[in-house]
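The values are calculated or read from the model by the stated rules, or taken from the named source; none is laboratory data. The structure presented is a predicted model; accordingly, all values stated were derived computationally and were not measured. Neighbour counts are summed over all protein chains in view; Cβ atoms, including those assigned to glycine, are modelled from backbone coordinates with ideal geometry.
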Amino acid sequence: MSSQTDSADTATPRRRLNIGQILIWTAVAVIGAVAWGVLALSRGEEISAAWLIFAALASYAIGYRFYSRFIAYRVLRVDARRATPAERLNNGTDFHPTDRRVLFGHHFAAIAGAGPLVGPVLAAQMGYLPGTLWIIIGVIFAGAVQDMVVLFFSMRRNGKSLGQMAREEIGPVGGIAALIAVLAIMVILLAVLAMVVVNALADSPWGTFSIAMTIPIALFMGFYLRYLRPGRVVEVSLIGVVLLLAAIAGGGWVAESPLGDAFLLSPNQLTLALVIYGFVASVLPVWMLLAPRDYLSTFMKIGVVVLLAVSIVVANPALQLPDFTAFAFNGEGPVFAGSLFPFVFITIACGALSGFHALISSGTTPKLIEKEPQIRVIGYGSMLTESFVAVMALITACILDPGVYFAMNMPATMLGDTLQSASAAVAGIGFQVSPETLAATAASIEESTITGRTGGAPTFALGAAEIFSALFGGPAAMAFWYHFAVMFEALFILTTVDAGTRVGRFMIQDTVGNFWKPMKDVSWKPGLWMTSALIVAAWGYFLWAGVNDPLGGINQLFPLFGIANQLLAAVALAVCTTLLIKSGRAKYAWVTLVPLAWDAVVTLTASWQKVFSPDPTIGFFAQRQQYVEALAAGETSLGPAGDVDAMRQVVVNTTVDGILSVLFAVLIIIILADAVRVWIKALRVREPLPSAEHPFEPSKLWAPAGLIPTREERAERAEREKETAGA
Amino acid sequence: MSTRPLAARLRATLRAAWRITREIAGERAYEIYLEHHAEHHPGTPPMGEREFWRRHTDARDARPGERCC
């Protein structure tokens with residue numbers, strides 16, 4: 001414990017800002033304030049998307065410079081003189097001091113996937129302001145804080161996982177609750193993401209062809225790296241990207257040809273294909289599919305994020321959606337039900353506060369950090385970057401014609417079978433779009449239809465295509481860019497489906513292995529097949545149920561995914577708060593306690609409404625009751641459910657979803673109660689409670705604290721280089 | 001401030017950027033292994049390049065690495 005306090009004062013850089021820095025930060029604050037003012041106060045007129053970018057970047061800069069610095073040096077007391085696990089346990093592979101810029105890239109690639117592209121698009125139904133506010137404020141005070149603090153505590157414990165920390169620092173009950181939470185979120189996450197892919201590819205031969213081609217491309221890359229030129233990762237990735245672009249361009253041609261029919265798949269056929277893919281991919285050796293796909297998606301991820309940021313700034317589109325729609329207040333939105341509080345904070349998880357990140361911040365990253373102060377750029381900085389991706393996704397949805405946005409995101413059952421009925425349904429919720437506009441938009445991206453394409457990916461792809469084609473290729477390139485963006489998103493999702501199935505499988509193998517020895521051997525083939533099949537069956541069930549849900553699978557399942565993700569955030573923030581209190585830093589515990597309290601209130605309110613709301617569009621059990629009564633009364637259709645089978649389906653789905661909501665709420669309460677018990681115990685004793693922190697060992701390495709070395713650091717480096725050269 | 005000519009500094013910056021790109025992509029794993037091996041196990045022959053990559057990739061069968069949403 002002494003090491004945490006003795007070095008605090010000397011390790012804290014307490015430089016006063018000089019006059020130049022004061023001017024710069026004042027300018028940043030003014031730009032941010034003006035941008036926020038424009039966003040909040042514009043009424044009726046269209047405003048430029050650039051204001052969103054300015055508000056976000058200025059807020060991030062201030063949050064990073066001042067708040068993350070305060071947390072790192074005052075609250076956590078990072079110590080540059082302390083050796084990190086990477087330095088102490090260096091083995092050249094798992095533990096290895098890694099350049100901060102490289103680690104930033106790895107950590108960002110690991111935390112950011114399709115999540116920040118989906119949530120903000122769905123939340124746009126309430127207008128651009130609720131989503132923007134939560135994404136930016138949420139990340140600065142909750143999401144990035146969680147990522148950095150978990151990273152710090154895991155690093156001080158040689159890279160222990162969140163589950164292990166929960167068990168050791170809170171207790172076995174909290175530990176088991178954390179394990180169940182992780183498994184549950186994994187299953188729901190995989191189902192929801194797979195559903196996004198199904199909704200984007202259904203009846204789209206072009207999209208289906210190009211995604212299908214990623215499998216032979218990845219196999220080719222895998223064989224290339226295994227047998228032809230091992231280790232040439234950059235080379236094979238570039239070949240892969242070129243093949244991928246060829247597959248997208250070729251998809252348009254294939255869709256037109258007689259071959260096109262082979263790739264015209266219904267939602268149920270795609271569901272089956274994804275389930276088979278998920279199982280096969282997760283039992284194949286990683287070098288065949290997973291590793292090459294990972295190289296490809298890392299390349300695409302970083303490349304497209306940069307391209308999109310530049311394109312938005314240059315194309316400078318105007319936001320078409322209003323700041324608030326009526327759905328923010330009346331809770332009757334068609335994309336997901338419920339009012340602004342709590343459902344915006346549930347729908348947008350990735351990009352603002354994502355519990356899942358705690359698994360990565362307590363996984364490989366803490367074992368690779370070179371210097372303690374670098375947790376700021378890697379933990380806080382990567383999360384700010386993901387948040388920026390979420391802001392860009394929000395922009396892609398908000399620059400669309402609002403009528404088009406709603407026609408794409410309302411459940412297909414509400415829209416009816418024709419463009420006229422879709423247009424009428426959109427008019428019914430207060431927005432206007434003509435059947436001609438819907439037909440012309442679909443034609444511009446060479447899809448048969450755009451109505452009822454829920455799940456966020458097609459909306460994001462359409463918005464991104466408008467932005468990209470403004471810069472590259474004009475209207476003629478819309479179709480290419482649309483399918484490019486769909487491919488971009490589907491690529492991550494397929495990688496996540498594969499990796500997530502494996503992670504879930506390891507958790508089951510590990511747990512069952514405690515009772516049944518053979519299972520402990522993770523390469524034992526029958527065990528591997530059984531556990532993989534179990535995980536695939538679990539998410540496959542939710543995927544199938546969601547795809548066939550008469551009320552719209554995204555509408556029903558997305559809130560559950562959000563609740564599960566925020567539940568994991570509650571576990572992570574509870575562990576952080578516990579550790580702050582146990583290590584004698586109770587006066588700073590608010591840093592994680594305030595986000596935890598907010599997260600708990602949001603998640604529990606949402607769970608409460610999902611369980612107990614008498615409004616059938618929100619409460620699962622109220623909805624169930626409504627359908628049970630209708631069936632008992634002999635009715636043969638109700639709302640979007642057109643026949644008795646569909647009505648029975650609704651009853652089954654709402655039962656399962658309702659039970660899951662109860663389970664999640666109970667888990668949160670258990671974890672919080674167990675954590676509070678430890679807090680009280682820790683606050684009552686004078687001495688800090690025992691904790692598993694690794695004792696201080698001096699560091700022999702030198703590295704800059706931030707992304708860009710300061711002038712002093714550059715001088716110090718030059719000094720050291722001179723010394724080494726002299727010796 | 002530096003006395004080095006601009007072209008040389010530019011070259012050094014580009015070289016550093018390329019190295020970081022390769023390391024983010026994962027291509028420097030064998031080089032890192034060789035550096036580590038030379039430092040910690042001098043005198044013993046290191047693994048060959050092919051064998052290293054095979055083991056490096058297969059190790060991921062046992063821990064696939066988390067990927068978030």
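For the reader, a short list of remarks on this structure follows.
- Residues (of a type outside the set (A, V, I, L, M), assigned to a helix (DSSP H, G or I), under 9 Å from the mean Cα position of the chain (by Cα) and more than 7 Å from every other protein chain (Cβ to nearest Cβ)) located in region B:9-34: B:R19, B:E31
- Residue match in region A:466-474 (condition: within 14 Å of chain B (Cβ to nearest Cβ) and aliphatic (A, V, I, L, M)): no
- Considering the conditions (1) within 14 Å of chain B (Cβ to nearest Cβ); (2) among the hydrophobic types (A, V, I, L, M, F, W, C); (3) closer than 30 Å to A:A586 by Cβ, A:V78 is excluded by exactly one of them, (1).
- Just one of the numbered conditions (1) over 24 Å from A:M383 (Cβ atoms); (2) in a helix (DSSP H, G or I); (3) touching a Lys or Arg at 6+ places or on another chain (Cβ under 6 Å) is not true of A:P230: (2).
- Of all residues in region A:248-305, those satisfying the criterion of being hydroxyl-bearing (S, T, Y) and within 14 Å of chain B (Cβ to nearest Cβ) are A:S282, A:Y295, A:S297, A:T298.
- From the options A:F324, A:F345, A:F336, residue that is in a helix (DSSP H, G or I), among the aromatic types (F, W, Y) and on the phi < 0 side of the Ramachandran plot: A:F345
- Residue satisfying all of: in region A:356-390; facing another protein chain (nearest Cβ under 10 Å) and not in a helix (DSSP H, G or I); farthest from A:W608 (Cα to Cα) among these: A:T364
- The helices (runs of 4 or more DSSP H) found entirely in region A:140-214 that carry 2 or more residues being modelled with pLDDT under 95 and either in contact with a helix residue (DSSP H, G or I) (Cβ under 8 Å, 6 or more places away or on another chain) or within 14 Å of chain B (Cβ to nearest Cβ) (or both) are A:162-165, A:172-201.
- Enumeration of residues in region A:126-167 that are more than 18 Å from A:S382 (Cα to Cα) and within 17 Å of the chain's Cα centre (by Cα): A:G131, A:T132
- Being modelled with pLDDT of 95 or more, in a loop (DSSP other than H, G, I, E, B) and away from chain B (no Cβ under 14 Å) is a property that A:Q420 lacks.
- Residues of region A:98-116 satisfying the condition of being outside any helix (DSSP H, G or I) and either buried (at least 20 other Cβ atoms within 10 Å of the Cβ) or more than 10 Å from chain B (Cβ to nearest Cβ) (or both): A:T98, A:A112, A:G113, A:A114
- Verdict on A:T605 being among the β-branched types (V, I, T), in a loop (DSSP other than H, G, I, E, B), surrounded by fewer than 20 Cβ atoms within 10 Å (Cβ to Cβ) and in contact (Cβ under 8 Å) with a residue 40 or more places away in the chain: no
- Taking region A:162-181 as the range and being buried (at least 24 other Cβ atoms within 10 Å of the Cβ) and β-branched (V, I, T) as the test, only A:I170 passes.
- Some residue of region A:88-102 being modelled with pLDDT of 95 or more, out of contact with any helix residue (DSSP H, G or I) (no Cβ under 9 Å at 6 or more places or on another chain) and either more than 30 Å from A:S297 (Cα to Cα) or of a type in the set (D, E) (or both): yes
- For region A:399-406, the condition holds for at least one residue, the condition being that it is over 25 Å from A:I211 (Cβ atoms), buried (at least 21 other Cβ atoms within 10 Å of the Cβ) and aromatic (F, W, Y).
- All positions within region A:61-118 that are within 23 Å of the chain's Cα centre (by Cα) and among the charged types (D, E, K, R): A:R100, A:R101
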